[in-house]
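Beneath this line is the structure, given in structure tokens, with notes to follow.
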Amino acid sequence: MWIQKEIRLPAYPRGFHLISREILHQITEIQTLKVGLLNLLLKHTSASLTINENADPSVRTDFEAYFNRAVAENEPYYRHIDEGSDDMPAHLKASILGPDLNIPITNGALNLGIWQGIYLCEHRNHGGSRTLVITVQGE
Amino acid sequence: MWIQKEIRLPAYPRGFHLISREILHQITEIQTLKVGLLNLLLKHTSASLTINENADPSVRTDFEAYFNRAVAENEPYYRHIDEGSDDMPAHLKASILGPDLNIPITNGALNLGIWQGIYLCEHRNHGGSRTLVITVQGE
Amino acid sequence: MWIQKEIRLPAYPRGFHLISREILHQITEIQTLKVGLLNLLLKHTSASLTINENADPSVRTDFEAYFNRAVAENEPYYRHIDEGSDDMPAHLKASILGPDLNIPITNGALNLGIWQGIYLCEHRNHGGSRTLVITVQGE
């Protein structure tokens with residue numbers, strides 16, 4: 001059995017945001033699956049997906065602070081600068097974190113750790129709404 | 001055909017560790033598959049999975065040395081500090097390296113390069129036993 | 001339905017290279033699939049795969065410049081140095097970016113964003129030809 005849908009996420013401010021609930025809301029069909037896999041693919045090159053702690057919001061604040069230092073704006077060696085100082089760092093962060101996730105489904109639910117949440121990583125100042133492809137396969 | 005199991009890895013010290021053999025030991029059923037995919041998902045936010053060189057142990061030592069410099073402890077801007085100085089860096093490293101891997105199966109075996117091994121990346125000082133979901137699909 | 005092939009990419013110079021067209025050329029069978037997934041696995045530990053901007057070549061130039069700074073050669077603490085100064089950084093970059101990608105297939109085509117291209121990330125000075133496993137599943 002395959003399920004696939006393409007959804008638009010609401011526009012988030014620059015930073016790291018929990019979107020587990022929005023995704024689960026879109027794939028209630030997985031409740032009938034004994035075993036399967038969920039693939040998520042974000043159709044953008046300046047935002048990304050990751051899995052990390054879903055409890056303390058300071059983790060997400062620290063993610064934003066860390067990545068802004070690890071991938072700085074306005075590096076003198078950047079050549080790709082026409083779309084704003086946040087653009088090239090956003091591309092780099094997007095590839096470091098990656099656009100896709102693959103999560104097992106077990107007995108009708110995502111089989112994530114109790115502390116694991118799905119993050120939308122918005123690397124641009126005004127990224128706007130982002131499009132996500134959700135693909136589920138299972139039986 | 002689907003195979004899925006959840007296993008507990010033994011507790012590893014902080015660092016990078018080859019776990020290919022332990023995983024293969026759990027999925028002997030793949031020997032009957034002509035084609036397929038293996039998904040691995042580590043159910044934690046302060047440890048991760050990656051694929052890298054399986055021969056010279058100094059590669060794994062250098063991984064630990066590099067990531068400790070690239071993601072330092074005790075950064076004055078960290079807010080998430082209540083669980084120890086190794087905690088927030090562990091979350092960051094876990095997302096940089098990622099919790100999931102997807103590996104093709106060909107003619108009854110994982111189709112990895114000859115030098116590729118699966119690493120458990122233990123980012124905490126005392127992470128304890130880690131839980132891994134193994135999902136195989138194929139025919 | 002499963003499709004799987006192992007291909008050899010031409011040798012690319014060190015840097016980031018668009019290979020979407022070469023991959024699509026190998027999987028024309030996906031045109032018959034309504035829904036599915038493509039898995040790519042690069043069988044190497046000093047080159048990697050990522051998805052990023054497919055338009056302005058300066059993005060790829062900046063990727064090379066950034067990663068050469070973020071993962072420097074000749075760090076005095078490296079122990080794995082026998083295979084050249086570009087070797088250990090190549091291993092680290094390969095794990096930061098990752099060897100595998102998983103991309104949805106929708107109505108006979110890869111469902112990527114309009115600006116998303118598949119990059120071969122060649123981290124060695126003389127990496128030579130690289131081997132890629134392409135696995136497609138769908139219906």
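The values are calculated or read from the model by the stated rules, or taken from the named source; none is laboratory data. Being a predicted model, the structure only gives us computed values, none of them experimental. Neighbour counts run over all protein chains shown; Cβ positions are idealised from the backbone, glycine included. Accessible surface areas use protein heavy atoms only, side chains included; no ligands, DNA or RNA. Shrake-Rupley method; radii C 1.70, N 1.55, O 1.52, S 1.80 Å.
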Long-range neighbours under 6 Å by Cβ, at least six apart or interchain, first residue at the interface with chain B (Cβ under 7 Å from one of its Cβ atoms) within the range A:58-75, second in a helix (DSSP H, G or I) and surrounded by 22 or more Cβ atoms within 10 Å (Cβ to Cβ): A:59/B:91; A:62/B:88; A:66/B:92
Qualifying residue in the range B:95-107 (condition: more than 30 Å from residue A:18 (Cα to Cα) and out of contact with any strand residue (DSSP E or B) (no Cβ under 7 Å at 6 or more places or on another chain)): yes
Flag if residue A:48 is assigned to a strand (DSSP E or B) and hydroxyl-bearing (Ser, Thr, Tyr): yes
Neighbours by Cβ (under 9 Å, 6+ apart or cross-chain): first from the range A:90-109, more than 7 Å from chain C (Cβ to nearest Cβ); second crowded, with 24+ Cβ neighbours inside 10 Å and of a type in the set (D, E, K, R): A:90/A:122
The range C:1-20 residues that are farther than 17 Å from residue C:86 by Cα and assigned to a loop (DSSP other than H, G, I, E, B), paired with ones that are open to solvent by 50 Å² or more (accessible area, probe 1.4 Å) and modelled with pLDDT of 95 or more (beta carbon under 8 Å, 6 or more apart): C:1/C:139
Residue count for the range B:110-121, restricted to those that are without any contact (Cβ under 8 Å) to a residue 60 or more places away in the chain and open to solvent by 20 Å² or more (accessible area, probe 1.4 Å): 1
Qualifying positions in the range B:61-72 - charged (D, E, K, R) and buried (at least 22 other Cβ atoms within 10 Å of the Cβ): B:62
Close pairs (6 angstrom Cβ cut-off, 6 or more residues apart or separate chains): within 8 Å of another protein chain (Cβ to nearest Cβ) in the range B:122-139, small (Gly, Ala, Ser) and crowded, with 22+ Cβ neighbours inside 10 Å anywhere: B:137/B:36; B:138/B:36
Residue match in the range B:73-81 (condition: open to solvent by 40 Å² or more (accessible area, probe 1.4 Å) and among the β-branched types (Val, Ile, Thr)): yes
